[in-house]
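Just below is one structure, and these are the notes that go with it.
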């Protein structure tokens, strides 16, 4: 691997960094933020700023209006966007839309792209990915209880989904459902169709996703066969197409936030006086900052290596699982240390660190908890000495 960034990527990185500093961070204290994420009005303002800066939806293809970034290029740009809690929204690279855009580009028909994907890339609409269930699918997608049965030219979908990020206010959903033969399929649907009920909003630790996390009930939802995403029966395969890179982009965005927390804590340790010297000169604090630096670089190297493999078309699932565990835990350690260094400031809203702390804890759960990834990796390691 060549770790030297090309000049055009350095320029894009610096442009993104400047945009976040000047156009996004000043809005972090905006009153349009709620316990269920930034309001739709704030999202639209951020998207408008991202579009004006020429940075909107950079991971989408140029044909659709994006920048067509490779995985390595995304690693650089997404980290910069993640430096602000609002940065991913401003660039239209937040979850679940970022992963849904990737999946739709890979699988959707031309009609489906024009109907849902193109306006999403332009930032006009949002989406949600309805897979997780209260008593079924979650870390194990094979436990799907939501069903889909054929009825003429339509499919009838019944079931309950929960912890569905961005469900409130989403224009369309991608629904995972079990077929009568035991396979799974994905279905596209407008969220205003009869048979879809947004039951309630769920209170959650994080507040970084527009639309929060919702509970959805599908009761006799009728979806035309033309709105099946991809081929019938290939839902589990498509889930991996979406989840492998989505795990990695989570790592990219949260790396930016961990770096932000570290910068805040370092600046505080540089100037705060305690027991006759700078706080950072006390080994207990200085060592935490050094550990932060090592964890940040470890996470970055795992991200870059996995992105490099994905760009080469090599493997992906095993490596993205490994990166998800390493990065989520390393970045969590960074932010936890930052709270400790900041003391009283770290457990209050006096800095952005408390907000990053509460948001980031969920990262070790989303897209598969660490224990599930370790279990999956162990099975591969025991079945094949190379681990691949």
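When segment 341-361 is examined, which residues are found to be surrounded by fewer than 19 Cβ atoms within 10 Å (Cβ to Cβ) and within 19 Å of residue 164 (Cα to Cα)?
Residues satisfying the conditions are 358, 361.
May I ask you to list the residues in segment 26-52 that are free of Cβ contacts under 8 Å to residues at least 60 places away in the same chain and over 18 Å from residue 97 (Cβ atoms)?
Of everything in segment 26-52, those that are free of Cβ contacts under 8 Å to residues at least 60 places away in the same chain and over 18 Å from residue 97 (Cβ atoms) turn out to be 26, 27, 29, 30, 31, 32, 52.
Cβ-Cβ under 8 Å, sequence separation 6+ or interchain: first residue in segment 327-346 and in the same structural domain as residue 305 (by TED's automatic domain parsing), partner outside any helix (DSSP H, G or I). Which pairs?
Once the first residue is in the same structural domain as residue 305 (by TED's automatic domain parsing) and sits in segment 327-346, its partners that are outside any helix (DSSP H, G or I) give 342/351; 344/350; 345/351.
Might you check whether a residue that is closer than 24 Å to residue 302 by Cβ, outside the structural domain of residue 241 (by TED's automatic domain parsing), part of a loop (DSSP other than H, G, I, E, B) and touching a strand residue (DSSP E or B) at 6+ places or on another chain (Cβ under 9 Å) occurs anywhere in segment 13-31?
Among the residues of segment 13-31, not one is closer than 24 Å to residue 302 by Cβ, outside the structural domain of residue 241 (by TED's automatic domain parsing), part of a loop (DSSP other than H, G, I, E, B) and touching a strand residue (DSSP E or B) at 6+ places or on another chain (Cβ under 9 Å), which makes the answer no.
Is it the case that residue 313 is free of Cβ contacts under 8 Å to residues at least 12 places away in the same chain, more than 19 Å from the chain's Cα centre (by Cα), on the phi < 0 side of the Ramachandran plot and surrounded by fewer than 18 Cβ atoms within 10 Å (Cβ to Cβ)?
no
Restricting to segment 134-165, what's the tally of residues that are touching a strand residue (DSSP E or B) at 6+ places or on another chain (Cβ under 6 Å), within 18 Å of residue 362 (Cα to Cα) and assigned to a loop (DSSP other than H, G, I, E, B)?
Qualifying residue count for the region: 1.
Filter segment 212-261 down to residues that are in a strand (DSSP E or B) and within 30 Å of residue 308 (Cα to Cα), then give me how many there are.
1
Within segment 264-292, count every residue that is exposed (fewer than 14 other Cβ atoms within 10 Å of the Cβ) and at negative phi.
Residues flagged as exposed (fewer than 14 other Cβ atoms within 10 Å of the Cβ) and at negative phi within segment 264-292 amount to 10.
Identify, by number, the condition in (1) assigned to a loop (DSSP other than H, G, I, E, B); (2) surrounded by 23 or more Cβ atoms within 10 Å (Cβ to Cβ); (3) in contact with a strand residue (DSSP E or B) (Cβ under 7 Å, 6 or more places away or on another chain) that residue 95 doesn't meet.
(2)
For segment 166-190, enumerate the residues that are in contact (Cβ under 8 Å) with a residue 60 or more places away in the chain and part of a loop (DSSP other than H, G, I, E, B).
If the condition is that a residue be in contact (Cβ under 8 Å) with a residue 60 or more places away in the chain and part of a loop (DSSP other than H, G, I, E, B), then 166, 168, 169 are the ones that fit.
The values are calculated or read from the model by the stated rules, or taken from the named source; none is laboratory data. Because the structure is a prediction, the values reported are computed rather than measured. For neighbour counting, all protein chains shown are included, and Cβ atoms are generated from backbone atoms with ideal geometry for every residue, glycine included.
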